[in-house]
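Q: Structure in structure tokens, see below.
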Amino acid sequence: MPHTNITPSTKSDSEYVRQQLVAYNAAHVSEALRNRYEELHFHIRNEAGQIVAGVLSTLCWNWVELDILWVDAKERHKGYGTKLLQEIERLAREKGCDFIMLNTFSYQAPEFYQKHGYELMTMIENAPTGHQHYYFKKDLIRSEGEEALR
């Protein structure tokens, strides 16, 4: 076996690797889905103009991956999380997505997602130590006659 030199990547190295995988993946999905990638980021500000809640998510092919949903601890239980989640779901439906997926930890809000119709796909014990890591999915129901992109 030839000598292998593993080195830390620069941002440009990492982008090259990402683009190589994107190109490989694009060759394996339908043309209609090939270029479907969009970041969907939103936030809520209070009266003082401070961001008190936000969501970072990505539309990829035929689904949305919810990466981060955050609500400031002082602003919880005001419906901000629900409003942000509903907006992502609305946009995902509008853009023809089939489902939304996300992950969360036991000390975050797994019950919040279940309350909003997300189904537990799997759970990993002791990740991080002493907690659980949950993976959820919600199938999106679309209006009759609406076609999914294939």
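Derivation of every value follows stated rules applied to the coordinates shown; laboratory data play no part. On a predicted model such as this, the values are computed, not experimentally measured, just so you know. Virtual Cβ from ideal backbone geometry, glycine too; neighbours counted across all protein chains shown.
Q: Got a sec to turn the phi values of the range 115-121 into Karplus ³J(HN,Hα) couplings, 6.51 cos²θ - 1.76 cosθ + 1.60 with θ = phi - 60°, whole Hz, x for Gly and Pro?
A: After applying 6.51 cos²θ - 1.76 cosθ + 1.60, I find 4, 9, x, 7, 9, 5, 8 Hz.
Q: Follow-up. Could you size up the charge dipole of the range 36-139 around its Cα centre, putting +1 on the beta carbon of Lys and Arg and -1 on that of Asp and Glu, and report it in debye to the nearest 20?
A: 240 debye
Q: Still on this structure: Based solely on its DSSP helices, what 222 nm [θ] is calculated for the chain when runs of n ≥ 4 H residues each add -39,500 (n - 2.57) and the sum is averaged over all residues, nearest 500 deg cm²/dmol?
A: Roughly -8000 deg cm²/dmol at 222 nm, from the helical runs in the chain.
Q: In the range 36-139, if the dipole is taken from +1 on Lys/Arg beta carbons and -1 on Asp/Glu beta carbons about the Cα centre, which of Gly49, Val71, Gln86 is farthest to the positive end?
A: Gly49
Q: Something else: Which of these, Tyr16, Tyr134, Tyr24, has the largest mean-square fluctuation under a Gaussian network model of the chain (Cα springs below 10 Å)?
A: Comparing Tyr16, Tyr134, Tyr24 in the GNM, the peak value goes to Tyr16.
Q: In whole Hz, with x marking every Gly and Pro, tabulate ³J(HN,Hα) for the range 60-74 from phi via Karplus 6.51 cos²θ - 1.76 cosθ + 1.60, θ = phi - 60°.
A: Working through the residues one at a time gives 9, 6, 10, 8, 10, 9, 7, 8, 9, 10, 10, 10, 3, 3, 6 Hz.
Q: Also: What distance in nm separates the simple spin-label points at Ile68 and Tyr135, each placed 7 Å from Cα in the Cβ direction?
A: In this crude spin-label approximation the distance works out to 2.2 nm.
Q: Can you give the extra length, in nm with one decimal, that the chain gains between Gln114 and Lys83 once fully stretched, where that is 0.36 nm per residue apart less the Cα-Cα distance?
A: 9.6 nm
Q: Find the centroid of the Cα atoms in the range 92-121 and in the range 1-39, then give the distance between the two in whole Å.
A: 27 Å
Q: If amide hydrogens are placed 1.01 Å from N in the peptide plane, which non-local residues have theirs closer than 5 Å to the one on Phe99?
A: Under 5 Å from the amide H of Phe99: Val64, Leu140.
Q: Show me, for the range 16-33, the HN-Hα J-couplings you get by feeding each phi into the Karplus relation (A = 6.51, B = -1.76, C = 1.60, θ = phi - 60°), rounded to Hz, glycine and proline as x.
A: These are the phi-based 3J(HN,Hα) values: 4, 4, 4, 5, 5, 5, 4, 5, 4, 4, 4, 6, 10, 10, 4, 4, 5, 9 Hz.
Q: Determine the relative contact order of the chain: mean sequence separation of Cα pairs under 8 Å and six or more apart, normalised by residue count, in whole percent.
A: 17 percent
Q: Among Ser12, Ser57, what is the fewest-to-most ranking by other Cβ atoms within 10 Å?
A: If I rank by nearby Cβ atoms, fewest first, I get Ser12, Ser57.
Q: Related question: Give the long-range amide H neighbours of Asp67: residues separated by 5 or more places, or on another chain, with amide H under 5 Å away, using H modelled in the peptide plane at 1.01 Å from N.
A: Result for Asp67 returns Leu56, Ser57, Thr58.
Q: Additional query: Give the total of Lys-Lys pairs in the chain with Cα-Cα distances below 27 Å; include a pair only if its members are 8 or more places apart or on different chains.
A: Lysine pairs satisfying the spacing and distance rule in the chain number 14.
Q: Evaluate E = 1/(1 + (r/R0)^6) for Ala23 and Ile124, where r is the Cβ-Cβ distance and R0 equals 25 Å; express this FRET efficiency to the nearest 0.05.
A: The formula returns an efficiency of 0.20 here.
Q: Just one of [x] 2, 8, 14, 16, 16, 15, 13, 9, 4, 2, 1, 0, 0; [y] 2, 9, 17, 20, 21, 16, 10, 4, 1, 0, 0; [z] 2, 9, 19, 21, 17, 13, 10, 6, 2, 0, 0 is P(r) over Cα pairs in 5 Å bins from 0, in percent calculated from these coordinates, so which is it?
A: Derived directly from the coordinates: [x].
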